[in-house]
Amino acid sequence: MPDYLIKQQLDQTENVIYEAGSGELRLLSFSILRLGAGDAHQMQTDQTEMGLVILSGVITLVVDGQEYPNLGGRTSVFAGKPAGAYLPPNSSVSLLADSTAEVAVCTAPSDSTAPAQIIIPDQVQINQAGNWNWRRRIHNIIGANVPGAQRLLIGETFNPPGNWSSYPPHKHEEDNYPFEVNMEEIYHFRTNPPQGFGIQRIYTDDGSVDETYAVGNGDSVLIPGGYHPVAAAPGYQLYYLWMMAGVTERRMAPHDDPQHAWVKAAGDMAQDMGF
């Protein structure tokens with residue numbers, strides 16, 4: 001059976017979580033940079049587009065000689081909206097940590113000619129999704145606000161204690177727009193307090209995949225296909241950074257599991273009735 005759970009102790013500097021092609025995901029790569037105040041890190045985007053999300057701390061970003069100072073500022077992923085950046089192929093990138101900082105780095109193959117784009121916290125759109133105990137908050141970081149991106153969609157989801165997300169369960173593994181678009185995805189989890197945990201299930205219509213994982217602070221899960229609901233343990237707030245790469249196109253068009261799609265309509269009806 002497949003094992004999509006990645007448990008990795010995060011160290012200083014660069015932590016490679018997943019490299020494209022090393023498993024079932026062939027487009028997405030994901031790393032986390034941990035930098036002390038004054039540390040610097042250099043990268044090249046080469047033939048990929050890159051999405052940066054400042055998980056915590058403050059950095060100065062330099063892209064092809066253009067400096068963008070004082071990006072970030074939150075003390076943890078649970079302390080406000082993030083800053084981020086979209087960086088096109090063939091960019092030279094330097095990060096200087098103005099404080100202790102943690103930065104997520106997401107890449108996918110691209111031949112985009114769009115310019116670099118900085119996303120400040122005020123530009124991050126907040127959405128509330130779901131009802132009852134599947135209500136959650138979503139930060140859209142790189143989406144329609146970055147029209148030049150070719151494959152990447154990136155955001156954050158926050159589950160209140162005991163609540164579910166990616167619910168009703170949905171998938172995005174077939175190109176059948178507007179009903180569904182094929183997107184690879186990775187989830188990266190954090191918990192508050194940090195000793196907490198959540199539950200991630202991945203399953204397919206034909207039952208060929210049906211995996212359930214206990215996910216803790218710093219864990220990541222690969223989602224090459226299938227439905228993938230998440231639940232937070234009572235008492236613990238659950239966060240996950242999600243990054244998606246369109247296999248043939250970049251659209252958000254998930255397909256709900258028909259067995260559970262009724263939950264969405266029931267929740268909307270109850271809300272309309274004041275419950």
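Each value in this text was obtained by applying a stated rule to the coordinates, not by laboratory testing. The model shown is predicted, which means the values in this text are computed figures rather than measured ones. Quick reminder, even Gly has a Cβ in these numbers, built from the backbone with ideal geometry, and neighbours come from all protein chains shown.
Of the residues Gly38, Gly155, Gly57, the one that moves most in a GNM of the chain with alpha-carbon contacts below 10 Å is Gly38. What FRET efficiency would be calculated for the residue pair Ala265, Asn145, taking the C-beta separation as r and a Förster radius of 22 Å, to the nearest 0.05? My answer for the efficiency is 0.15.
Between helix 262-272 and the chain there is an angle of about 90 degrees, using the helix long axis and the longest principal axis of the Cα atoms. Add +1 for every Lys or Arg and -1 for every Asp or Glu among the other residues with Cβ under 15 Å from the Cβ of Gln12, and state the total. Local net charge: -3. How charged is the neighbourhood of Glu211? Take every other residue with its Cβ under 11 Å from the Cβ of Glu211, and add Lys/Arg as +1 and Asp/Glu as -1. Residues near Glu211 contribute -1 overall. Between the range 55-134 and the range 150-209, what's the alpha-carbon centroid distance in Å? Result: 21 Å between the Cα centres. Among Glu102, Glu14, Glu49, the largest mean-square fluctuation in a Gaussian network model of the chain (Cα springs under 10 Å) belongs to Glu14. The label point for Glu19 and the one for Thr248, both projected 7 Å from the Cα toward the Cβ, are 3.0 nm apart. Choose one answer from Ser94, Ser76, Ser208: the residue with the largest mean-square fluctuation in a GNM of the chain with alpha-carbon springs under 10 Å. Result: Ser208 has the largest fluctuation of those listed. Here each label is just a point 7 Å from Cα along the line to Cβ, and for Ile199 and Tyr177 those points are 3.6 nm apart.
Full extension of the chain between Lys7 and Ser31 yields a length gain of 7.3 nm, computed as 0.36 nm times the residue separation minus the alpha carbon distance. Please compute the net charge surrounding Thr48, taking Lys and Arg as +1 and Asp and Glu as -1 over other residues with Cβ under 11 Å from its Cβ. Residues near Thr48 contribute -2 overall.
Taking 22 Å as R0, compute the FRET efficiency from the Cβ-Cβ separation of Gln66 and Asn90 and round it to 0.05.
Efficiency, rounded to the nearest 0.05: 0.95.
Find the relative contact order for the chain and round it to a whole percent, using C-alpha pairs within less than 8 Å whose residues are 6+ positions apart.
Values: 746 pairs, mean separation 52.1, N = 275.
Worked out over the chain, it gives 19 percent.
Helical runs assigned H by DSSP (4 residues or longer) give the chain a calculated mean residue ellipticity at 222 nm of -1000 deg cm²/dmol, each run adding -39500 (n - 2.57) before division by the residue total.
Rounded to 0.05, the FRET efficiency of the Ile120 and Asp46 pair, given R0 = 41 Å and the Cβ-Cβ distance, is 0.95. Straight-line cross-link reach from Lys264 at under 16 Å between alpha-carbon atoms covers these lysines, not counting any fewer than eight positions away in the same chain: Lys171.
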